1. Quick check on segment B:408-419. Is at least one of its residues crowded, with 20+ Cβ neighbours inside 10 Å, within 28 Å of the chain's Cα centre (by Cα) and either in a helix (DSSP H, G or I) or of a type in the set (Phe, Trp, Tyr) (or both)?
2. So, of the residues in segment A:407-434 that are more than 13 Å from residue A:369 (Cα to Cα) and in a loop (DSSP other than H, G, I, E, B), which turns out to be modelled with the highest pLDDT?
3. Scan (1) at pLDDT below 95; (2) facing chain A (nearest Cβ under 9 Å); (3) in contact with a Lys or Arg (Cβ under 7 Å, 6 or more places away or on another chain) for the single condition residue B:45 breaks and write down its number.
4. Filter segment A:263-285 down to the residues that are over 18 Å from the mean Cα position of the chain (by Cα) and open to solvent by 40 Å² or more (accessible area, probe 1.4 Å) and list them by number.
5. Taking segment A:121-132, which residues are within 13 Å of another protein chain (Cβ to nearest Cβ) and either in a helix (DSSP H, G or I) or open to solvent by less than 20 Å² (accessible area, probe 1.4 Å) (or both)?
6. Could you grab me the full set of residues in segment A:86-120 that are facing another protein chain (nearest Cβ under 7 Å) and β-branched (Val, Ile, Thr)?
7. Please indicate, with yes or no, whether at least one residue in segment B:94-111 is assigned to a helix (DSSP H, G or I), within 14 Å of chain A (Cβ to nearest Cβ), touching a residue at least 12 places away in the same chain (Cβ under 8 Å) and not charged (D, E, K, R).
8. Taking the condition of being closer than 20 Å to residue A:308 by Cβ, β-branched (Val, Ile, Thr) and open to solvent by 30 Å² or more (accessible area, probe 1.4 Å), how many residues in segment A:241-262 meet it?
Amino acid sequence: MQNKRIDTFIMGMAIVFMGAAVFIMGLLPWLGRAHAMTVVTMDGKVVPAQPYTALEAKGRKVYIREGCWYCHSQYVRPVTGEDRRWGPPSQEGEYAYDVPHMFGTRRIGPDLTREGGRVADDWHFAHHFNPRMVVPDSIMPQFPWLYNGVDANGRPVPTEDAVALVAYIQKLGSNLGPWRKNFLYISGGSAIPVVPAAVQDGVEEGKKVFMRRCVGCHGETGDGKGPVAVFLATKPRIFKDGIFKFRSTPSGSIPTDGDLYRTITMGVRGTAMPNWHELTEEDRWFVIQYIKTFSDRFKEETPGDVIVIPPEAPNTPESVSRGKGLYDQMKCAECHGVDGTGNGPSASTLRDNWGNPVAPRNFTHGGTDMKSGPAPQDMYKAFSTGLDGTPMPSYADFLNPDQRWDLVHYVMSFGPPDTYLILSPQQAGDSYGH
Amino acid sequence: MAASHGLLENEPLVNGKLVKQWLFWGILWTMIFPLVGVIVSIKFNYPDWLGRTSWLTWGRIRPMHVNGVIFGAFSTTFFGLVFYMVPKLTGIRMVGEKMGFWCLWLWNIGVVLGSYSLMAGYQKGIEAGDYALWADVPLIIAFIVLTYMVIATIVQRKEKLLYVSLYYTAGAMVWTAINFPIGNILLPYWVPGVNNAALHGLYIHYIVGLWITPAGLALIYFFLPLACKNPLYSHKLSLVGFWSIALFYPFVGIHHYLYSPIPNWTQTIAIVTSMMLIIPVWTVTQNFFGTMMGNWKSLQESFVAKFCIMGSIFYFLGCFQGSTEALRGMQQLTHFTDFVISHSHLTIFGTFVVWTMAGTYYVWPRVTGHALWSKTLATWHFWLIVVSFSTMAGVLTLMGLLQGTMWMDSVEFVDTVVAMKPYWFIRTLSGIGMDIGILLFMINMYMTAVEPSPLPEMEREKGFVPVAAD
């Protein structure tokens, strides 16, 4: 009997300690207050977290099944500069629909909290098919069993599981709303780059960078035919032709080094071009020197005069309605559609200079989905320079600055207002002034 | 059967056949699951190796390694040793001995099914509870029956003293019988959001802190005094260790997720209790080295003592590392790096699996009735583990500090991965060294069982209890 009493006491105490811990640490934070279902956006608004769609939920199961979460964590800490690497720190409400959680414990690969929207689906399909095709130094496994045969263009066809997985990945971080517009600005994408003198003869260094980061899509000879290219709807830039979309120089001109620097830093939303803000500034300058060696244009021509972006005119209903008139007058709807969804009558016939189909931008997704950047100034610039190599012309000869701002304001009215990066005059001057 | 066979099958307390069978499977799993780890680690340097088959992809066999070492290698061997240790300490045979055989098969089925479920893609997504629920069922049933057997035996014991190993064994069984269903049934399906992470932090640390740690300590408190033929240094001190573990360990789990959106005050409690764990680590270490005092020469003679002491040194290092990496400042640097992997290997393998090896070196000759087949092999086993494992723990710690520093310095992510590749290669080599050691261990144990060289009479002590000095 004596035994039993002591033993019961010991067992009882052991269980009580554990029970107390489970209650205090595991259950009390949960029971003690409402379970957070909302997120505070970068603009300070409180918005509800969005549950997973059926497809995303299925993709999450694939993510668990393939063990993605052993190498990719899903929380950004507010320390050690993680918010500059990946995006804003994680909030409780962002996880409202996660059962089980995918926090992870080891970062053998990068954190994926903010992965959604970084690059287009195409990039992920190529990357899951064989990561080393995209990132030569990667140690991520390949997932050939998520593909089934090849289509007429030689592109491996993703299975339902692969499609679901990418849908889930693209959902990650999106509960926080259009945070990326601010992030691109903070991560230096908008600053006016000044070419340091030291990099002028960095071609050899630049080649090293190119062969490690760019070669998968743009190809060893800069012909845009790297092994990844077959996966991509928006084809990689063909460097040997020296034609670039995003410039601050007039239509038909080669870009400045600063223009290339800006594209490399910010990436191109909605395409497979990632933002390379993690690369050192030097490496970015070096690789630009190397990219310029592919085309003789950079030897023979000099960039045209950089266009001037004047301070933004007030975004008033009148300006928007004047913009609507210009939208009709300039026949924007021909390609971008009356409703701005990019489904104009001639949309399906559009080809770029190399004969690849191109889709006119769908304006209803707003600023975070604009290729040239999320600020109104970026749109103004696109109107002023055109996107060389595509059917998008320059309107510099047809619209005066005020009219261009009116048109910017009308285009902005198609998308959600919080997706545009509105800069103060001071910031705009720092980023776009001259 | 020859007279030299089945020594303990006729022994009044221990069911030698039961111990032998559990240990047989334990040794086999101790060979297999670390080997899976080597395959996993080779993929760091050769990611396409075995990479085009879905069931051999990194993400599926990594949990097979982790869960296999916990539930296969460590736990199976531990149960084998429990069936030797508990009767000796209680003075009665195990209650429900026959069920022990059934439990062995249930347990093995669980481990095999579980590993299959991971490779086939049915895993739950709960680290250290990854097996599919249907694979957990046999494990949970077996565990509950085993818990009943152990507790019932302890309660009906003849020995008056409740020796510290019994505290730890009973604690480990009861805690885990509660924890296992929480982690495998409640967690993956019911609790949403950051609370899922919080409870998972607790679950995963209950696996290491309320299962592996007390189970391993039960072993060494039993085998170390036997190995060095000294009484335990202090039984009271060992109980201070037990109660401080029981009090502090349940709280520490949240330290896996510092700087996460889990409420900050729970993170703080977890950090404080993690630091308090220095108390049990200190008492345990003091007790082990105190017990060895005056008889260090037993290190030369006894492989049991060798492995006990090796494990104790790794225990001290691993636990100290664990407490420090729970600090916020330290974790900024080390979290998400191989520093954490170094810690988990130092504790799970370097300490607890090594201690089960110590126990096996003691019990296996006694349940087979044969003297150890080869001291040369055992010596090789010992030194291969010492050298390879020290290399592994060292290189992983170093890598963690290096990569953590690179991250803090905003180095591009892939560049930090590239910088780790040579170290990962060294880690693989050290893992292969460890596995060769384990292979020698397995061969040695097999030959001991089949080679009829009888155990010397003097080592056949019966009903021995390691009495404490105070």
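1. no
2. A:413
3. Failing condition for residue B:45: (1).
4. Correct list: A:280, A:281, A:282.
5. Across segment A:121-132, the qualifying residues are A:127, A:128, A:129, A:131, A:132.
6. Matches in segment A:86-120: A:99, A:105.
7. No, the conditions are met nowhere in segment B:94-111.
8. Qualifying residue count, segment A:241-262: 1.
The values are calculated or read from the model by the stated rules, or taken from the named source; none is laboratory data. Source: prediction; values computed, not measured. Cβ atoms come from the backbone with ideal geometry, glycine included; neighbour counts cover every protein chain shown. Side chains are part of the model used for accessible areas, which takes the heavy atoms of the whole protein and leaves out ligands, DNA and RNA. Shrake-Rupley method; radii C 1.70, N 1.55, O 1.52, S 1.80 Å.
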